[in-house]
1. Could you give the dipole magnitude of the protein assembly as shown about its Cα centre, charging the beta-carbon of Lys and Arg +1 and that of Asp and Glu -1, in debye to the nearest 20?
2. Can you give the accessible area of A:ASP51, probe radius 1.4 Å, in Å² rounded to 10?
3. Measure off 7 Å from each Cα along the Cα-to-Cβ vector at B:SER2 and B:ILE319, then give the distance between these two points in nanometres to one decimal.
4. Choose one of A:VAL17, A:PHE160, B:ALA234: the residue whose Cα lies farthest towards the positive end of the charge dipole of the protein assembly as shown (beta-carbon charges +1 Lys, Arg; -1 Asp, Glu; about the Cα centre).
5. Can you find, among B:GLN86, B:ALA257, B:ALA456, the residue sitting farthest towards the positive end of the charge dipole of chain B, where Lys and Arg contribute +1 and Asp and Glu -1 at Cβ?
6. Please compute the contact order of chain B in relative form: average sequence separation of alpha-carbon pairs under 8 Å and at least six residues apart, divided by the residue count, as a percent.
7. Hey, how many Å between the Cα centroid of the stretch B:35-108 and the Cα centroid of the stretch B:398-454?
8. Given Cβ point charges of +1 (Lys, Arg) and -1 (Asp, Glu) and nothing else, what value in debye, to the nearest 20, does the dipole of chain B about its Cα centre take?
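The values are calculated or read from the model by the stated rules, or taken from the named source; none is laboratory data. Note that the coordinates shown come from a computational prediction; the quantities given were computed from them, not determined experimentally. Heads up, the Cβs are rebuilt from the backbone with ideal geometry, glycines too, and the neighbour counts pull from every protein chain shown. Each accessible area value is taken on the protein alone, full model and side chains, heavy atoms only, with ligands, DNA and RNA left out. Shrake-Rupley method; radii C 1.70, N 1.55, O 1.52, S 1.80 Å.
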Amino acid sequence: MEKFENVSGVAAPMPLVNIDTDMIIPKQFLKTIKRSGLGANLFDEMRFTRDGAEIEDFVLNKPAYRKAEIIVAGENFGCGSSREHAPWALRDFGIKVVISTSYADIFYNNCFKNGILPVVLPKEAVDILMEDAERGENARITIDLDGQTVSATDGTEFKFEVDEFKKHCLMNGLDDIGLTMQKVKAIDSFEAEYAAKTPWA
Amino acid sequence: MSAPKTIYDKIWDAHVAHEAEDGTCLLYIDRHLVHEVTSPQAFEGLRMSGRTVRAPEKTIAVPDHNVPTTLGREDPETMPEDSRVQMAALDQNAKEFGIHYYPMNDVRQGIVHIVGPEQGWTLPGMTVVCGDSHTATHGAFGSLAHGIGTSEVEHVLATQTLIQKKSKNMKVEITGSLKPGVTAKDITMSVIGETGTAGGTGYVIEYCGQAIRELSMEGRMTVCNMAIEGGARAGLIAPDEKTYVYCKGRPHAPKGANWELALIAWKDLFTDEGAHFDKVITLKGEDIAPSVTWGTSPEDVLPIDALVPSPEDFEGGKIDAVRRSLDYMGLTPGTKLSDIEIDTVFIGSCTNGRIEDLRAAAGVLKGKKVKDGLRAMIVPGSGLVRAQAEEEGLADIFKDAGFEWRMAGCSMCLAMNPDQLAEGERCASTSNRNFEGRQGYKGRTHLVSPVMAAAAAITGKLTDIREFG
C-alpha cells in the first residue's frame, strides 16, 4: 500500500445521507476478479445514463470536481454491503479522503486497507466544509493526517480523531498481514490452548 | 468475582489471541465462510505474497452471489462469461488451498449464510466471518458473526485472526408475543425503523425478550441477518434448547463426548445479571405490525396500514433523501401503502430463504393463483431447502400458484445474475435491501415478510396479511 500523504485540493460535496455501497459501485461491477480499474464505474448509476452518457449535474461530472481527491458526504456514508470494491473504486478514481459525520463500520475499515482516510467530524464542521466544497475550484480543503486536522479554505481548522494503529498503518503504507505475521507465536500458542479447551470447534 | 459480562463480552474474551497496549486485538476466527465475489482478490493476494491458508479446515467456500438460479444452470453455455470466470476462480482456489467446498452442482450448495448453519459449521460461542455483510445471520446461534472486506478475508485466510477493537454492547429487547401475521422479518424491520440505519453503528446487538425466545432458529436468523441494516456489525441471540436441537446431528456439529463438552460450554453463553449495555431499545411484541418499506433505505419502514409519508415529516438531511426516495419509488405522499400495486414478487435470500419461510409462503399460496401478468419467483436458500420443499409438497403449491421454482442462490436479492427487475418494475421482496438499483437499474423494492410477499403475489398489491384470507 502507498503511504498516505497529506492532501490539499478541491472537495466534491455529496450532502445526501446514507450513500450506500450499491451507489458507490453497483453490483454489475463486482463480477471482476481484480481490484483495479473500478474508478471508471464509481457512482455509475448516478454518474451516467443507461447508454453511458454523463449526467451533467452529478457532482463528479462538473468541471470543477472531475479531479476531486476529497468527498464531503452526508451521514452514514458507505452503508450496506461489505464490498471492498467501494473503496477500490473511490481510490482508483483518485479519492484519498472522505469527510462525514459517520460511516458504516465495514466500509470505514475497508478504507484504511486501501489508502483512503475516512475523516469523522461533528455536524457543524461537516456543514462548514460542505459549504466550502460547494464553491468548487474557489475552495481548497487540506487534510493533515499526522496533525489530525482538516482546514477549510479560510484556514479554519478542525481536529479529528483517528485510531492510532490505523493512522500508523496508513501513514507508513503498512500491510496488516505482515504486521500480524510478526505475532504468529502469540497466535500459535492461543490456538493450541484454545483447541484443548474447545475440541469441537 | 469478575464483573458481569454480556454474551458478546464472553465470546470476545474467549477469542483474543493478542492484545496491544492501545486495545487493538487479534481476534481468533473459528469459521471463515467464503464466496465467489469477494474472495478472488484475497486468494490472489496470498498467491502473490507466497502465503497459504492457515486453517483450511475452518474455511468453507460456496458460490452463491453470482450463480444462475435457472434450471439447467450446470450447462456452462447458459452461464454468462463473468459468472463462469468467478466460479472457475473459486473452484481453483478451493482446490489449490485445500478448503471445504460445495460447488454449484452439489445439493448442499446455497447461500453461504444458509449453508453454514445447515451443515453445522455455525455453532454457539464461535467467531464467524465472511466477506459479506449479512454474516450477522449466524449470530442467531449465539455466535459472534460479522461481515468483513476482501483485505480482511485475506488477513483471516493467512492468519486465522482479524485485527479488531471491541465494539459497544447494545440490547434490543422484544417483550411479549407477536400477534398473528407478524413475523421475525417484521421484528427486525421494526427495530431498524426505530434505530435508523446508523443506530447500531459501533455496536454488537443482543436480541432478547420473550418474542425472540419464541422464534424458531429460522426466525432468529432472519432477525440477526438484518442487524447490519441497522448499522450493527453483528447481532446475536443467546443459545437455548432450540439452538441445541437445531445443531445436533448436523454434519459438522460435534458428536459423542465432544457434543457433551460443547453443551456444557454453550450453557454459559448468556448475559450475566447486571452486565452493562451502552444502549438499550425495547419494543413490545404486540405493538409490532406486518411491515413494509416505502423508500430506498431499510429505515424507511412502516406498518402496512400506514400511508406513504411526506418529506416534510422528516428533519435535516433526511428531507432531501426522502424527496429523492419518493421520486425514485414513484410514490405520492398520503397514498395508502396497501394500495401500491406491484408487478414482481421475490421470495428468497439469506433473510427469508429457509424452509420455514417457504412453508409460511406456501400456507398463504395453497390453492391460490398469482395475479395475471405478475412475475413471481421463489429461490430457495440452498439445494437442501429446495429438496425438502419438494418432499413436503411445497414446490407443487408454488408451481400450481404460478411461481417460478428456482435453484439456490442469492438471485434477485442483489441481482448480480440475470434475475433482475427491469426499469420501473416494482417488487414485493423478502430480501434485505431496498437501495436504489439494488434489484435492477431503476427497479423499485418493497421489503416484506414471506407471508406478505405471498399475499401480494395473489392480490397484485401490497397487502395486509391480517386482512387476507
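1. The dipole magnitude comes to about 1180 debye.
2. 130
3. So the label points at B:SER2 and B:ILE319 sit 5.1 nm apart.
4. B:ALA234
5. The one lying farthest along the dipole's positive direction is B:ALA257.
6. Working: 1114 pairs, mean separation 79.9, N = 469.
Relative contact order for chain B comes out at 17 percent.
7. Each part reduced to its Cα centre gives a spacing of 24 Å.
8. Details: 48 positive and 64 negative charges, 93 e Å.
Roughly 440 debye, rounded to the nearest 20.
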